[in-house]
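Sharing a structure here in structure tokens format.
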Amino acid sequence: MSIATTVTAKPGNTASSAALREARLEIEEFNYAYAETLDRFDADGWAEYFTDDALYHVVARDNYESGLPLGLIYCEGKAMMKDRAYALLNTEMYAPRYLHLSITNTRALSIDGPLIRATANYTLIETLVDEASRLQQVGKYDDVFERVDGRLLLKQRRCIYDSVTINNCLVFPV
Amino acid sequence: MDGNSRVGETPPGPHSARNYVWPEDDALIPDWIYTDQEIYKREIERIFLGRHWNFVGLDCELPQPGDYIRSFVGPFPVVVARDPDGEVHVFENRCAHRGAEFCREYRGKADSFICPYHNWTYNLEGDLTAVPFRRGIKGKGGVPKDFDMSRHGLRKYRVAQRGGVIFATARDETEPLENYLGPDVVAEFDATFDGDMKLLGVHRNVIPGNWKLYQENLKDPYHATLLHTYLTTFGLFVSTNESRIMVDPLGRHAGLLSRRSDGRPDVSEEDRSNMQAFKATMELNDPRVLDFVREHDSKWSGAAMTIFPTLTALRQTNILNTRLLVPRGPNEFMMIWAVFGRVDDDDEMVRHRLRQNNIFGPSGFLGIEDNEALKFVQDGLLKARPADGLAVLGEDDEPEDTIITERAIRGMYRYYREVMGL
């Protein structure tokens, strides 16, 4: 099954290892800021990390590996991300919580003009009132960044999660 | 997740000291039906292993011969497999030898199942076909001479199918599936399940609540008009829609049927003041999410069906899904959502369904709210001083278009009490 908005930068490293290292440092900074934005529940700010035509897809690993396209979250374009942000901040009912998103093992895989293919691991720990902190989701990003006016933005963030059986629900994006 | 470890660990106290007397007023629901271990054991015996059809999966999850999925009958792990002739079988995921849960994959393809512990081998019908060293070595050991392979297959469930939906029952005397569903349910069932389905994917989540709360949730049009902004504001399920709350004659199944009008719902000032979730001025940046591509003959654009005991089936605009409830003790259940489209969907229709499915699922706009609300309820039932819950809204003989009602919840518990002897 195809998802037409999937972006694939060309395989193979067209960049030197020094350029990939430099890209990795830049992406690490990006990911730290991204995690901080979500940790403070700034869903509007989260949408601003993406290009207008970006794909944001949170997909269970078993579905992904079976070629099943269903997303836990599936946003084609920033407009859909803004609608999710609005709902989270204004209309959705959910218990208060603390969020703790860690992004590690960042790698820039290839550079193709303005596009950088990258990957990272992520871990979301949630803490609810009167409950112990718990692992809510662990997964891997399959990213494509685009340099727009000198700034990196996500053109694709596919979040492939290992924690297939979700604790209750995933409220905020990862 | 600690659902399994909780079994048998209900602390002594008011919750276990009951003598199970249902309140006289049948609009009252005692909280021990949601938390008590003895009640849960009785549910297993009389409901999941009783004369009921348990949903186990969709044809489109195992379309080819040799395809299989892991599934459950009540809390019990089963395998649903399609044999080389295309026939579907449901058998226990428990080796007949030492009890190992041998099938560990969500889904796959096989020509046989081999338990990894001692390599006992079963075919796709669940029959035992091979036992290694059956005759021992050099005439020593092995299974007894009178060991009958045909009597040591995997325990099987009887299977019934309709429109690409697979059900299983432990009992020979369970009535035919069409009788079990009844004519009203069958009509809407057929609009959702036309047999030509294509799997889009599966969601899984665990809710820290009793499995019956989910059936109640989808028999409860009252909450739908209050909790869910997406249903009310965008007119998917709202007081101004033409609606029907359908309950089968025994009370066990129900359908919340609703017909979307074009455009935004015209909700009166008075109703608005009652509906915190209604946001008259909310606009979507990407309204494609709400597009409705007409694709069936039913007049109802939304049909949330609850099929006792563990299936809920949803058709809402172009969202199609089944939700299997898998009890894991009284205080927790797993949900397996199979989300599907139609075989003839083109790429754009697939993407449309994927976009629209942001409304449901364990990260959906409704899913988050329902899952959170059910956790709140179970927390209250578990932690607070025992009391009876109220399901008092509406009347049992009201017109079927009454939506501020809990008639369908009361119906389910009338049936439940009879089966459970409560």
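May I ask you to verify whether residue B:321 is within 9 Å of chain A (Cβ to nearest Cβ) and touching a residue at least 24 places away in the same chain (Cβ under 8 Å)?
no
Quick check on my filter: what residues within segment B:227-243 are facing chain A (nearest Cβ under 10 Å) and either open to solvent by 10 Å² or more (accessible area, probe 1.4 Å) or farther than 14 Å from residue B:272 by Cα (or both)?
Correct list: B:227, B:230.
Restricting the search to segment A:11-54, which residues are at pLDDT below 95 and open to solvent by 70 Å² or more (accessible area, probe 1.4 Å)?
Selection gives A:11, A:13, A:14, A:17.
Hey, another quick one. With respect to residue B:185, is the statement that it is within 14 Å of chain A (Cβ to nearest Cβ), touching an Asp or Glu at 6+ places or on another chain (Cβ under 7 Å), outside any loop (DSSP other than H, G, I, E, B) and touching a residue at least 24 places away in the same chain (Cβ under 8 Å) true?
Criteria not met by residue B:185.
A further question follows. Kindly indicate which of B:291, B:266, B:297, B:271 is of a type in the set (D, E, K, R), open to solvent by 30 Å² or more (accessible area, probe 1.4 Å) and under 24 Å from residue B:59 (Cβ atoms).
After applying the criteria, what remains is B:297.
Can you work out which of the residues in segment B:85-111 that are of a type outside the set (A, V, I, L, M) and not in a loop (DSSP other than H, G, I, E, B) is surrounded by the fewest Cβ atoms within 10 Å (Cβ to Cβ)?
Among them, the one singled out is B:109.
Give the residues of segment B:324-344 that are closer than 23 Å to residue B:195 by Cα and within 11 Å of chain A (Cβ to nearest Cβ), sorted by residue number.
If the condition is that a residue be closer than 23 Å to residue B:195 by Cα and within 11 Å of chain A (Cβ to nearest Cβ), then B:335, B:336, B:337, B:338, B:339, B:340, B:341 are the ones that fit.
Here is a check on your reading of the model: is residue A:75 within 30 Å of residue B:63 (Cα to Cα) and without any contact (Cβ under 8 Å) to a residue 40 or more places away in the chain?
yes
When you look at residue A:64, is it over 23 Å from residue A:151 (Cα atoms), within 14 Å of chain B (Cβ to nearest Cβ), more than 17 Å from the chain's Cα centre (by Cα) and aromatic (Phe, Trp, Tyr), yes or no?
So residue A:64 does not fit the description; no.
May I pose another question? Given the criterion among the aromatic types (Phe, Trp, Tyr), free of Cβ contacts under 8 Å to residues at least 40 places away in the same chain and out of contact with any Ser or Thr (no Cβ under 9 Å at 6 or more places or on another chain), identify the matching residue among B:308, B:376, B:360.
None of the others qualify; the one that does is B:376.
Take the conditions open to solvent by less than 20 Å² (accessible area, probe 1.4 Å) and within 14 Å of chain A (Cβ to nearest Cβ) and apply them to residue B:164. Does it pass?
In short, no.
Would it be correct to say that residue B:315 is in a strand (DSSP E or B), open to solvent by less than 10 Å² (accessible area, probe 1.4 Å) and under 23 Å from residue A:76 (Cβ atoms)?
Yes: the conditions hold for residue B:315.
Evaluate the following for residue A:148: is it within 14 Å of chain B (Cβ to nearest Cβ), in contact (Cβ under 8 Å) with a residue 40 or more places away in the chain and not basic (Lys, Arg)?
No: the conditions fail for residue A:148.
Looking for whichever is of a type outside the set (S, T, N, Q) and without any contact (Cβ under 8 Å) to a residue 24 or more places away in the chain here; the options are B:388, B:401, B:347. Which one fits?
Of B:388, B:401, B:347, the one residue that is of a type outside the set (S, T, N, Q) and without any contact (Cβ under 8 Å) to a residue 24 or more places away in the chain is B:347.
Do you know which residues across segment B:320-346 are in contact with a Phe, Trp or Tyr (Cβ under 6 Å, 6 or more places away or on another chain) and either charged (D, E, K, R) or part of a strand (DSSP E or B) (or both)?
Those that are in contact with a Phe, Trp or Tyr (Cβ under 6 Å, 6 or more places away or on another chain) and either charged (D, E, K, R) or part of a strand (DSSP E or B) (or both): B:320, B:321, B:323, B:324, B:325, B:326, B:327, B:333.
Residues that are surrounded by fewer than 16 Cβ atoms within 10 Å (Cβ to Cβ): find the strands (runs of 3 or more DSSP E) completely inside segment A:78-174 holding 2 or more of those.
Per the criteria, A:97-112, A:115-128, A:134-148.
Right, something else. Might you check whether a residue that is over 16 Å from residue A:162 (Cβ atoms), facing chain B (nearest Cβ under 9 Å) and at pLDDT 95 or above occurs anywhere in segment A:102-123?
no
Taking segment B:208-226 as the region of interest, how many residues are open to solvent by 10 Å² or more (accessible area, probe 1.4 Å) and among the polar types (S, T, N, Q)?
So the count comes out to 1.
Next question, about the same structure. For segment B:254-263, which residues satisfy the criterion of being surrounded by 17 or more Cβ atoms within 10 Å (Cβ to Cβ) and assigned to a loop (DSSP other than H, G, I, E, B)?
B:260
Specify which of the listed residues (B:201, B:251) is of a type outside the set (A, V, I, L, M), at the interface with another protein chain (Cβ under 10 Å from one of its Cβ atoms), surrounded by 21 or more Cβ atoms within 10 Å (Cβ to Cβ) and under 21 Å from the mean Cα position of the chain (by Cα).
B:201
Also: In segment B:372-392, which residue that is charged (D, E, K, R) and open to solvent by 30 Å² or more (accessible area, probe 1.4 Å) is farthest from the other protein chains (Cβ to nearest Cβ)?
B:388
The values are calculated or read from the model by the stated rules, or taken from the named source; none is laboratory data. Quick caveat: nothing in here was measured; it's all calculated off a predicted structure. Here Cβ is always computed from backbone atoms with ideal geometry, including for glycine, and neighbour counts include all displayed protein chains. Heavy atoms of the whole protein, side chains included, go into the accessibility calculation; ligands, DNA and RNA do not. Shrake-Rupley method; radii C 1.70, N 1.55, O 1.52, S 1.80 Å.
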